[in-house]
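Report on the following structure.
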There are 4 protein chains.
Amino acid sequence: MAPSAEKKLTGLVAATFTPFTPQGEVNLAEIGPYIDYLIEKQGVHGIFVNGTTGESMSLTVAERKILAEDWCQKARGKLDQVIVHVGCMSLKDAKELAGHAAQIGADAIAVMAPFFFKPRTADALRSFLQEVASAAPNLPFYYYHIPAVTGVNVPVRDVLEGVEELIPSFRGVKFSGIDLMDFGQCVSDSPPHWSFLYGMDEQLLAALAMGADGAVGSTYNYAGCHFNKLISAFKEGHVVQARKIQFKMQELLSYAMKLGFDVGVNKQLMNELSGLSLGPPRLPVTPCPFAHALLIVKKYHHVFTDS
Amino acid sequence: MAPSAEKKLTGLVAATFTPFTPQGEVNLAEIGPYIDYLIEKQGVHGIFVNGTTGESMSLTVAERKILAEDWCQKARGKLDQVIVHVGCMSLKDAKELAGHAAQIGADAIAVMAPFFFKPRTADALRSFLQEVASAAPNLPFYYYHIPAVTGVNVPVRDVLEGVEELIPSFRGVKFSGIDLMDFGQCVSDSPPHWSFLYGMDEQLLAALAMGADGAVGSTYNYAGCHFNKLISAFKEGHVVQARKIQFKMQELLSYAMKLGFDVGVNKQLMNELSGLSLGPPRLPVTPCPFAHALLIVKKYHHVFTDS
Amino acid sequence: MAPSAEKKLTGLVAATFTPFTPQGEVNLAEIGPYIDYLIEKQGVHGIFVNGTTGESMSLTVAERKILAEDWCQKARGKLDQVIVHVGCMSLKDAKELAGHAAQIGADAIAVMAPFFFKPRTADALRSFLQEVASAAPNLPFYYYHIPAVTGVNVPVRDVLEGVEELIPSFRGVKFSGIDLMDFGQCVSDSPPHWSFLYGMDEQLLAALAMGADGAVGSTYNYAGCHFNKLISAFKEGHVVQARKIQFKMQELLSYAMKLGFDVGVNKQLMNELSGLSLGPPRLPVTPCPFAHALLIVKKYHHVFTDS
Amino acid sequence: MAPSAEKKLTGLVAATFTPFTPQGEVNLAEIGPYIDYLIEKQGVHGIFVNGTTGESMSLTVAERKILAEDWCQKARGKLDQVIVHVGCMSLKDAKELAGHAAQIGADAIAVMAPFFFKPRTADALRSFLQEVASAAPNLPFYYYHIPAVTGVNVPVRDVLEGVEELIPSFRGVKFSGIDLMDFGQCVSDSPPHWSFLYGMDEQLLAALAMGADGAVGSTYNYAGCHFNKLISAFKEGHVVQARKIQFKMQELLSYAMKLGFDVGVNKQLMNELSGLSLGPPRLPVTPCPFAHALLIVKKYHHVFTDS
């Protein structure tokens, strides 16, 4: 039986980092405090685990299971939504992870396009997604579109054609791209129980104007409190106020990008801003030079304290 | 003396097609009726001539002069703004055209990045722009950013750094790109007398949310009347209403793109919708199959009549 | 102890397909006949298993181990070289596979660049490779460069700088790119005990002229007999004769590409030409339309029979 | 009447720089000494004027005519071949230049693909080329393929299909790309009176192996003497000797590229090595820092003197 169509996903979802020990092993002990931090300091009530920010592709299947399980367990009763990303190059692994997500009580699963052999048509991509979804037919299913990383540029609107017939549990898209014509057409042509979660934090306001239901991103880990204000301002018709917050975030990210913003830098930034100990990234991501992280932290405080 | 900073450019600007005879020669006779059509049927009061839509790169320097002069003369007293694009591969030609634009009473000039030898730094690009601007120091100057065509991806925010010291007549940007972080930072950091005119018609609403002052595009030739409503709705806080119009336009353009939308198709569409005789495009653009144009016309009526 | 520097790899190496049952499960039974076919019909005495052609990224770690072990065992005493590709997105998995390759008696290992988080510098890439190599320090190590698929464009000559100090077992490169300046510089600056194996079958002759020691590719599975003649002709100074064979191969591949040449088509072509039962590909690669494979088979016979 | 098919173009052709005064105006006085230098010091007997190296896109049509005329006049009786590049964004300008080339006694014309509106099919590209060629029907016509600059990636083999029926004066291709499968198929399928001139100096040897008839490039201005030896060695079957020279050139170019090799650097390098006064480049190309040119000169002498 397909999942209920009633609980539509909205608002901010943090794409969580994977906590590592200083030696680079999975560190479950930080997950509880991490969840509390998101709720108490950021006002964020949804998480997207084992995604890009969570370095899922650098984890083994066993590690991904342990992490998913721990996140789900500790989030229970605290968070509204735990979406587990189960995408893999290997369809077998992805199905294994999807089935596991169902067992551990995840609220939903998400899958990115495989990107070694890149599907060249919407049909091929849908077939792959359908196979994964079939291993967890009762969990809401989200397609995770991130073309700049995967190189898979099949328009999402084409992927959505007839998708609910193939995947009855289909419930929406995490859209991490900047083609807002494609995004707009997805929103425009879709049933109301699907959610479109935008994934480019630096231009969320533009996607809200285009009809985004919510957002999934890494910066909501430490700037969710500001983005919640942005969303509220937008909803209340105060576009100028929302824009002001968006511009602050762009200033911060632009500064960070000049210093080489990647998951390693981002993770170190989160460590500094949250006080959590999420450890270093794993190779091939290299650790962030300490001085860089401090400069970005300083910029963060400068940007969001002045007003 | 630099131009007055008071007359800030806003609203819709049509990027005009160049009228040709059936034999492919410049056809000045259509320019008068074209201007009337824009005013009366589309409510558009600004034009951008000899740009991408105007096939400027396929024209000789002599043809560009004749056209610019005729547009300026016939627009006088009728349109608010005639911006003449004077960008060329050859700096000498661009300066020649800039000086000419000043003589014939253009309201402003615009220049795209040269794209055979692509400037690799903001410095190199600014030097080129500065040289062109120096040939028409009293005309408001706009940088025309269209990276998908030129392949010049220097962030506009970098181009803007210190630009008014080099080019006192600098007044803004025609931004035909989809990087709304770059766009947002331009808007955020710029003096109030500059104008940011967005150039991707299919996602204008997103740019308005980010603070666009106006728009320059080819579809405003025949859908300006609808976009004027979009802009009004947005200004009055009716985002849902604005989005509805934007979605219609996306539906139309998406349909056209599947049929191979290019300047040739676009020109034929304009011919059909306006009743003007703008002729075929010039090689290397090939004429649009007649049947394709008719299908798109039909779609246009379908999209904008239903509601 | 680093592996002996004496056994330099040369000649043709077939990048093997992974045999599947019609249901898509690993089919070890075909491996023995496959090896015999390569030796007897193609004159090929080296194999590269679990690479791109072998759909390694679509396999689980467990499947890759079973396959590697079976190939090594059945090749013993028959083939000169079994190179096991152990590259993975996850460093942990890659190390696991490298250690396993050492245990099962592989002759060498190869690793492609990770490509979700793409190393942006030679340093970052070398660090990743070094970690994998450390799990099998006695096996000759090859870097597998395939930029069109991975999107990792770090010049190989930069990767090679100082690499033998970090990886004492380093022995060469499988170079699947068309930048022959980069290739030439690798060959030019490298110690004589390294091997440069070219990976673009359609232009092997060009790489031989530039000093390639050998070749690894998928078409050597079924056209190795012809490429052996090409190599011999080149070595004996008969460039025109070698070119003639290369042109035939280009004619075949060009024809196949127009029909959508990918691993699925390639596998079906191998099935038809060899009489082996290697099964279909696995999703996200989709099976080849039967008629397409037959057309390419026909072309193969036409190209290589006429002369 | 189409040009004679007998005089097939082979050997080295220098893509000449355009001599400017220190103030950036065309400097005809250097053309005579330039021609003598090519003959006497480099052993180069063919030139390709107003091409990429000649900064043609930065020149006005009038300047291109004056230059073409002066090169043709001064080359008479001295050089075997003057090929005038007449490609332009504007078809009208290109036809004007083609007609002019015929009047001034050029030996051949060449045309690159227009690249603002990029032809998407071989048909559209051929139509453009045909129109230009029709203005000089008695001059041998070469298509100039340089996809990395123009962004026009139509395979040359497709452009060649039926081209001699449309353009009876068609005589070959200047192929400045690294896709040697496309190159090989052109060579393989073409009549013997066509010439394939390779344009990537850094890998000329590879193209010779594939059947190139000759080469057009900028480095033949100052390293033609070495490339003549490379070609001779290749023809006599001494591939190892030819490779040695190719590797030297790769070493030089790789070094230059790290310092930002472009037409400006290249021109300054020519000034230093030849003793000619070709002046600076024109914007948007910026002048080369003096120190960079000297470093590359030093490298040149180091590379080609040792051995």
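The values are calculated or read from the model by the stated rules, or taken from the named source; none is laboratory data. All of these numbers come straight from a predicted model, not from anything done at the bench. Because the Cβ atoms are built from the backbone with ideal geometry, glycine has one as well, and the counts that use them run over all protein chains shown. When the accessible area is computed, the model is the full protein with side chains, heavy atoms only, and any ligands, DNA or RNA have been set aside. Shrake-Rupley method; radii C 1.70, N 1.55, O 1.52, S 1.80 Å.
Please tell me if B:L59 is within 12 Å of chain D (Cβ to nearest Cβ), open to solvent by less than 20 Å² (accessible area, probe 1.4 Å), farther than 21 Å from B:V263 by Cα and modelled with pLDDT of 95 or more. Quick ask: steps written out before the conclusion?
On the way: within 12 Å of chain D (Cβ to nearest Cβ): yes; open to solvent by less than 20 Å² (accessible area, probe 1.4 Å): yes; farther than 21 Å from B:V263 by Cα: no; modelled with pLDDT of 95 or more: yes.
Judged against the criteria, B:L59 is not a match.
Which residue out of A:G43, A:G87, A:G77 is in contact with a Ser or Thr (Cβ under 9 Å, 6 or more places away or on another chain) and farther than 22 Å from A:V265 by Cα? Break it down into steps so the answer makes sense when it comes.
On the way: A:G43 fails: in contact with a Ser or Thr (Cβ under 9 Å, 6 or more places away or on another chain); A:G77 fails: in contact with a Ser or Thr (Cβ under 9 Å, 6 or more places away or on another chain).
Only one candidate qualifies: A:G87.
What is the residue count in segment B:296-307 for residues that are touching a helix residue (DSSP H, G or I) at 6+ places or on another chain (Cβ under 8 Å) and without any contact (Cβ under 8 Å) to a residue 40 or more places away in the chain?
Qualifying residue count for the region: 1.
Given the criteria in contact (Cβ under 8 Å) with a residue 12 or more places away in the chain, open to solvent by 10 Å² or more (accessible area, probe 1.4 Å) and in contact with a Cys (Cβ under 9 Å, 6 or more places away or on another chain), does C:K65 qualify?
no
Counting residues that are within 29 Å of B:E96 (Cβ to Cβ) and among the aliphatic types (A, V, I, L, M), which helices (runs of 4 or more DSSP H) fully inside segment D:45-162 reach at least 2?
Working: elements: D:61-75, D:91-103, D:122-133, D:147-150, D:156-160.
Answer list for segment D:45-162: D:61-75, D:91-103, D:122-133.
Criterion first (open to solvent by 50 Å² or more (accessible area, probe 1.4 Å), more than 14 Å from chain D (Cβ to nearest Cβ) and more than 21 Å from B:W194 (Cα to Cα)) does B:R76 satisfy it?
Yes; evaluated as a whole, the condition is true for this residue.
Please give the number of the condition B:E165 fails out of (1) away from chain A (no Cβ under 13 Å); (2) closer than 18 Å to B:V44 by Cα; (3) not small (G, A, S).
Every listed condition holds for B:E165 apart from (2).
Within the set of pairs 6 or more residues apart or between chains, which connect a residue that is at positive phi and more than 9 Å from chain D (Cβ to nearest Cβ) inside segment C:168-190 to a residue that is open to solvent by 10 Å² or more (accessible area, probe 1.4 Å) and acidic (D, E) with Cβ atoms less than 9 Å apart?
Pairs that qualify, where the first residue is at positive phi and more than 9 Å from chain D (Cβ to nearest Cβ) and the partner is open to solvent by 10 Å² or more (accessible area, probe 1.4 Å) and acidic (D, E), are C:G172/C:D213.
From the residues in segment A:155-200 that are of a type in the set (S, T, Y) and open to solvent by 20 Å² or more (accessible area, probe 1.4 Å), which one is nearest to A:P140 (Cα to Cα)?
Ranking the candidates gives A:S190 first.
Spot the failing condition for C:V82; the list is (1) crowded, with 23+ Cβ neighbours inside 10 Å; (2) more than 19 Å from C:A135 (Cα to Cα), and only one is missed.
Single failed check for C:V82: (2).
Could you list, in sequence order, the residues of segment C:280-293 that are modelled with pLDDT of 95 or more and surrounded by fewer than 19 Cβ atoms within 10 Å (Cβ to Cβ)?
Passing the criteria: only C:P280.
Is it the case that some residue within segment C:140-152 is facing another protein chain (nearest Cβ under 9 Å), without any contact (Cβ under 8 Å) to a residue 40 or more places away in the chain and closer than 27 Å to D:Q203 by Cα?
Looking only at segment C:140-152, we keep the residues that are facing another protein chain (nearest Cβ under 9 Å), and these are C:149-151.
Those left that are additionally without any contact (Cβ under 8 Å) to a residue 40 or more places away in the chain: C:150-151.
Filter again for closer than 27 Å to D:Q203 by Cα, leaving C:150-151.
There is at least one residue in segment C:140-152 that is facing another protein chain (nearest Cβ under 9 Å), without any contact (Cβ under 8 Å) to a residue 40 or more places away in the chain and closer than 27 Å to D:Q203 by Cα.
Let me spell it out: the conditions are (1) without any contact (Cβ under 8 Å) to a residue 60 or more places away in the chain; (2) under 21 Å from the mean Cα position of the chain (by Cα); (3) farther than 19 Å from C:A15 by Cα, and C:A293 meets all of them except one. Which number is the exception?
It is condition (2) that C:A293 fails.
Of all residues being surrounded by fewer than 24 Cβ atoms within 10 Å (Cβ to Cβ) and closer than 20 Å to D:V187 by Cα in segment D:213-231, which is farthest from the other protein chains (Cβ to nearest Cβ)? Just the residue, please.
For segment D:213-231, the residue satisfying everything is D:G214.
Looking at segment A:239-275, which of the residues that are closer than 17 Å to A:Y37 by Cα and touching a helix residue (DSSP H, G or I) at 6+ places or on another chain (Cβ under 6 Å) is most open to solvent (accessible area, probe 1.4 Å)? Quick ask: steps written out before the conclusion?
At the first step, the residues of segment A:239-275 found to be closer than 17 Å to A:Y37 by Cα are A:266-275.
Next cut, touching a helix residue (DSSP H, G or I) at 6+ places or on another chain (Cβ under 6 Å) only: A:268-270, A:272-274.
Working: A:Q268: 38, A:L269: 3, A:M270: 0, A:E272: 68, A:L273: 37, A:S274: 24 Å².
Within segment A:239-275, the match that is most open to solvent (accessible area, probe 1.4 Å) is A:E272.
From the list D:L269, D:L253, which one is within 28 Å of B:R120 (Cα to Cα), at pLDDT 95 or above and within 14 Å of chain C (Cβ to nearest Cβ)?
After applying the criteria, what remains is D:L253.
Within segment A:11-39, which residues are open to solvent by 10 Å² or more (accessible area, probe 1.4 Å) and not in a helix (DSSP H, G or I)?
Hits for segment A:11-39 are A:G11, A:L12, A:T21, A:P22, A:Q23, A:G24, A:E25, A:V26, A:N27.
Condition (residue is farther than 28 Å from D:R282 by Cα and either touching a helix residue (DSSP H, G or I) at 6+ places or on another chain (Cβ under 9 Å) or modelled with pLDDT of 95 or more (or both)) applied to segment B:87-101: is it met by at least one residue? Can you show your working first?
Let us first name the residues in segment B:87-101 that are farther than 28 Å from D:R282 by Cα, namely none.
No, every residue in segment B:87-101 fails to be farther than 28 Å from D:R282 by Cα and either touching a helix residue (DSSP H, G or I) at 6+ places or on another chain (Cβ under 9 Å) or modelled with pLDDT of 95 or more (or both).
Taking only segment D:83-137 into account, find how many residues are among the β-branched types (V, I, T) and either within 10 Å of chain B (Cβ to nearest Cβ) or in contact (Cβ under 8 Å) with a residue 60 or more places away in the chain (or both).
First, pick out the residues of segment D:83-137 that are among the β-branched types (V, I, T): D:83-84, D:86, D:104, D:109, D:111, D:121, D:132.
The next check asks that each one be either within 10 Å of chain B (Cβ to nearest Cβ) or in contact (Cβ under 8 Å) with a residue 60 or more places away in the chain (or both); those that pass are D:83, D:121, D:132.
Of the residues in segment D:83-137, 3 are among the β-branched types (V, I, T) and either within 10 Å of chain B (Cβ to nearest Cβ) or in contact (Cβ under 8 Å) with a residue 60 or more places away in the chain (or both).
Take D:Q203 and tell me if it is crowded, with 20+ Cβ neighbours inside 10 Å and within 12 Å of chain C (Cβ to nearest Cβ).
Considered against the rule, which asks whether it is crowded, with 20+ Cβ neighbours inside 10 Å and within 12 Å of chain C (Cβ to nearest Cβ), D:Q203 comes out as yes.
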